[in-house]
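Right, one structure below, let's go through it.
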Amino acid sequence: MKLGRKKLKSYEINTDLSGIREITSKFGHVKYMKEEQALILHEIINKYDLVDLLELGFFQGKSSIYIGAIMKARGKGHLTTIDLENARAKNPSIIELIEQTGYKELITPIFAHRSYTWELAQMIEKSRKPLFDFCYLDGGHTFDVTALGVSLLSILMKPGGILILDDLNWSIAKSPHCKEHPEQAAIYSVDEQNAMGVRLVWEEVLPRVGFKQIKEINEFSWGIAQKL
């Protein structure tokens, strides 16, 4: 099922954008999130009054500090963000970006040994109640990792919480990384290499594990959904 491509409705939000603009000015060269995407996050976080935030896949942490700027402007919120251990070696790393922006109290990075799914499993084991009202999922990308991640999020997210799936149209076959490392792509069948794994989760799995699709934002290959 494909939803309409209209942009999110504009809402009056009494928070400034100076933090977002400052990050763009200082860290615009850092991958991957764009200011236009951060402005959408700003709108969503304010509209739904989201405070317990989760991010799966931070790479260098640019998206994390954009979210940090949004939380600082609102005067509330905390972000838990997860990526692999090798993210420590990025230049700059998320640790450096957090220190330079002063968001240490707002953002907790977790470095996973193999996958964010195991970190989510540990959270489920330790907590008897949902922990998060927002998740930005930009990691894994293959069908199996994304499907398991979404299934675990159906347990960890609060009713009414907002989930954003990034890279709806990503595929192994089109991935620059996999083209540079064909041995990694070779473990997948040809049909799985050509499949858009995140979109398959969006269309076939998400509605069956307690999420309602809100809309797609085609410009950024985002799918926005809400926990029922």
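Condition first: closer than 19 Å to Cys135 by Cα and either modelled with pLDDT under 95 or not basic (Lys, Arg) (or both). Now tell me which residues in the stretch 172-203 satisfy that.
Gly197, Val198, Leu200, Val201, Trp202, Glu203
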Next item on the list: Note down all Cβ pairs under 8 Å where the first residue falls in the stretch 76-92 and is free of Cβ contacts under 8 Å to residues at least 24 places away in the same chain, the second is aromatic (Phe, Trp, Tyr), and they're at least six residues apart or on different chains.
Entry: Arg88/Phe111
Notebook entry, point to check: Within the set of pairs 6+ apart or on separate chains, which have a first residue in the stretch 148-175 that is more than 12 Å from Phe211 (Cβ to Cβ) and open to solvent by 30 Å² or more (accessible area, probe 1.4 Å), a second that is assigned to a loop (DSSP other than H, G, I, E, B) and hydroxyl-bearing (Ser, Thr, Tyr), and C-beta atoms under 6 Å apart?
Noted result: Asp167/Ser221; Asn169/Ser221
Note to self: Please count how many residues of the stretch 176-201 are open to solvent by less than 60 Å² (accessible area, probe 1.4 Å) and within 29 Å of Ile40 (Cβ to Cβ).
What the structure shows: 6
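Quick one: count up the residues across the stretch 29-38 that are closer than 19 Å to Glu219 by Cα and surrounded by fewer than 17 Cβ atoms within 10 Å (Cβ to Cβ).
Of the residues in the stretch 29-38, 5 are closer than 19 Å to Glu219 by Cα and surrounded by fewer than 17 Cβ atoms within 10 Å (Cβ to Cβ).
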Note to self: Which residue is modelled with the lowest pLDDT, if the candidates are limited to the stretch 10-41 and must be aliphatic (A, V, I, L, M) and not in a helix (DSSP H, G or I)?
What the structure shows: Ile13
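The values are calculated or read from the model by the stated rules, or taken from the named source; none is laboratory data. None of these values were measured; they are calculated from a predicted model. Backbone-built Cβ (ideal geometry, glycine too); neighbour counts: all protein chains shown. Note: accessible area is taken over every heavy atom of the protein model, side chains too, but ligands, DNA and RNA are not part of it. Shrake-Rupley method; radii C 1.70, N 1.55, O 1.52, S 1.80 Å.
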